[in-house]
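A short worksheet on the structure shown next.
The values are calculated or read from the model by the stated rules, or taken from the named source; none is laboratory data. Since we're looking at a predicted model, the values are computed, not measured. Heads up, the Cβs are rebuilt from the backbone with ideal geometry, glycines too, and the neighbour counts pull from every protein chain shown. Side chains are part of the model used for accessible areas, which takes the heavy atoms of the whole protein and leaves out ligands, DNA and RNA. Shrake-Rupley method; radii C 1.70, N 1.55, O 1.52, S 1.80 Å.
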Amino acid sequence: MTTDNTCMAGDGDWEREPDPSDSLRTFGAVVQALREHAGLTRAQFGELVRFSKHTVASVELGRRMPDDSFVERAEEVLGNTGALRKAAQHLSRGEPGLAAWFRRWARLERVAVSLYTYECRLVPGLLQPEDYARAVFDGTIPLLTDEQLEAQLVARTERQKMLHERPHVPFSFIVEEAVFRRGFGDREQRRALLDHVLEHSAPRNVKLQVVPLEAELHACLDGPVRLLETPEGRRLAYSEGQQNGRLIADRKEVSLLCQRYDTLRSQALTPQDSRGLLERLRGEL
């Protein structure tokens, strides 16, 4: 089959996905597996579907959204089973402002029947005012472009709506006191931060507990953790580190993290005493 020069010239103009979605990565992996099963190199496959080997590589790596012609030609070349056509119906672009490793957890958050968060690094994202979130994103390395920073702010604001839109879902936050004492902005911004946290932790379905500085060593010192329960009653956990995040589904591991969280709840200040502590911190400013 001869190469379609028009397609070959134009495929370099395809929009590269700035943040590949899970569905694009999965679709690309399927294309690659079928191509390799057929014994074709990327260059050979590109000749058959009339796209460059570079475009084939980008699709297989989830970096480009395949257009209809790519899907149809790939389907014909790779057996015409209908698998690629069906898979292409479920393709979606990345969610701007959300790290690739966090997207799956973010989708689970939207339908969870309960959410629990322990933080020792910074104010939990669901409780952050805009100035604080902007400062967090602004300190990211490598530096974000203005567009990327704004996309992250929009995504965080959208997530925060859960606190108001889901009044029957219990939200629990346990946060180290040191987080609220960490330097941030000027005095007015620090006051605004504490006011924001106090306001957004006031609803009956939101419980905030602070681990005071004088508290002894506790079971959650391995780092931040998030827990949730699905509508089906399944418990899942999420752990995040430098440039990565891990969704934890193993029942034994999740059970262990739940035990640690429950133990920490008994060691932290009560919600009422926690509010009192934040109010005192605000009064010191």
Open item on the list: Which residue is farthest from Phe173 (Cα to Cα), if the candidates are limited to the range 249-273 and must be in contact with a Leu (Cβ under 8 Å, 6 or more places away or on another chain) and modelled with pLDDT of 95 or more?
Closed with: Val254
TODO: State all residues of the range 156-201 that are of a type in the set (Lys, Arg), modelled with pLDDT of 95 or more and crowded, with 18+ Cβ neighbours inside 10 Å; if no residue qualifies, say none.
DONE: Arg190
Open item on the list: I need every pair where a residue in the range 265-285 that is in the same structural domain as Gln189 (by the TED database) has its Cβ under 9 Å from the Cβ of a residue that is of a type in the set (Ser, Thr, Tyr) and open to solvent by less than 50 Å² (accessible area, probe 1.4 Å), sequence separation at least 6 or different chains.
Closed with: Arg265/Ser172; Ala268/Ser274; Pro271/Ser201; Ser274/Ser201; Arg275/Ser201; Leu278/Ser201
- [ ] Out of the residues in the range 89-111 that are modelled with pLDDT under 85, within 21 Å of Glu229 (Cα to Cα) and of a type in the set (Lys, Arg), state the one that is surrounded by the most Cβ atoms within 10 Å (Cβ to Cβ).
- [x] Arg103
TODO: Filter the range 247-285 down to the residues that are open to solvent by less than 50 Å² (accessible area, probe 1.4 Å) and of a type in the set (Val, Ile, Thr), then identify the one that is farthest from the chain's Cα centre (by Cα).
DONE: Val254
Task: The one condition in (1) in contact with a Gly (Cβ under 9 Å, 6 or more places away or on another chain); (2) at positive phi that Arg156 fails to fulfil - done: (2)
Task: Test: residue in the range 221-238 that is at pLDDT below 95, open to solvent by 30 Å² or more (accessible area, probe 1.4 Å) and in a strand (DSSP E or B) - done: no
Task: So Arg204, is it in contact (Cβ under 8 Å) with a residue 40 or more places away in the chain and open to solvent by 60 Å² or more (accessible area, probe 1.4 Å) - done: no
